[in-house]
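Enquirer: Take this structure, written in structure tokens, and hold onto it; I'll ask about it next.
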Amino acid sequence: MNVLQNNQKFQKENSLNMDELLAEVSIMEADEVENKNLEGWYAVVDTDGINAFFSTEKEALAYRLFLINRILND
């Protein structure tokens, strides 16, 4: 299963609404990730853990909202 399918399955099993998905899918500073040299980068974290890294916070936030939209409307 891919990232989208895993998240859709989790959303359906737990009947999450948009507000709950906003809490479940988040971003974090990637410099907190062990064994990675990603200072200044951002990670998108979902039900499976980190699934994407971005060099700017805006890109990470945009992907987060894109993923949540796809989970709910695909």
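The values are calculated or read from the model by the stated rules, or taken from the named source; none is laboratory data. Nothing here was measured: the structure is a model prediction, and the numbers come from that model. Glycine gets a Cβ as well: all are built from the backbone with ideal geometry, and neighbour counts include every protein chain shown.
Enquirer: With the requirement that a residue be touching a helix residue (DSSP H, G or I) at 6+ places or on another chain (Cβ under 6 Å), at pLDDT 90 or above and not charged (D, E, K, R), what does the stretch 8-47 give you?
Expert: Gln8, Gln11, Leu21, Val25, Ile27, Trp41, Tyr42, Ala43, Val44
Enquirer: Does Ile71 fit the bill of being touching a helix residue (DSSP H, G or I) at 6+ places or on another chain (Cβ under 6 Å), under 21 Å from Asn6 (Cβ atoms) and outside any loop (DSSP other than H, G, I, E, B)?
Expert: Yes.
Enquirer: Of the residues in the stretch 32-51, how many are of a type outside the set (S, T, N, Q) and either touching a residue at least 40 places away in the same chain (Cβ under 8 Å) or at positive phi (or both)?
Expert: First pass over the stretch 32-51, keeping only residues of a type outside the set (S, T, N, Q): 32-34, 36, 38-46, 48-50.
If we keep only those that are either touching a residue at least 40 places away in the same chain (Cβ under 8 Å) or at positive phi (or both) as well, we get 40, 46, 48-49.
Matching residues across the stretch 32-51 total 4.
Enquirer: Oh, and also: Tell me, which residue of the stretch 7-40 that is among the aliphatic types (A, V, I, L, M) and in a loop (DSSP other than H, G, I, E, B) is nearest to Leu65 (Cα to Cα)?
Expert: Val25
Enquirer: Restricting the search to the stretch 15-53, which residues are over 13 Å from the mean Cα position of the chain (by Cα) and farther than 22 Å from Leu72 by Cα?
Expert: Matches in the stretch 15-53: Asp31, Glu32, Val33, Glu34, Asn35, Lys36, Asn37, Leu38, Glu39, Gly40, Trp41.
Enquirer: If I filter the stretch 48-67 for residues that are charged (D, E, K, R), touching a helix residue (DSSP H, G or I) at 6+ places or on another chain (Cβ under 8 Å) and not in a strand (DSSP E or B), do I get at least one hit?
Expert: Yes, that holds for at least one residue.
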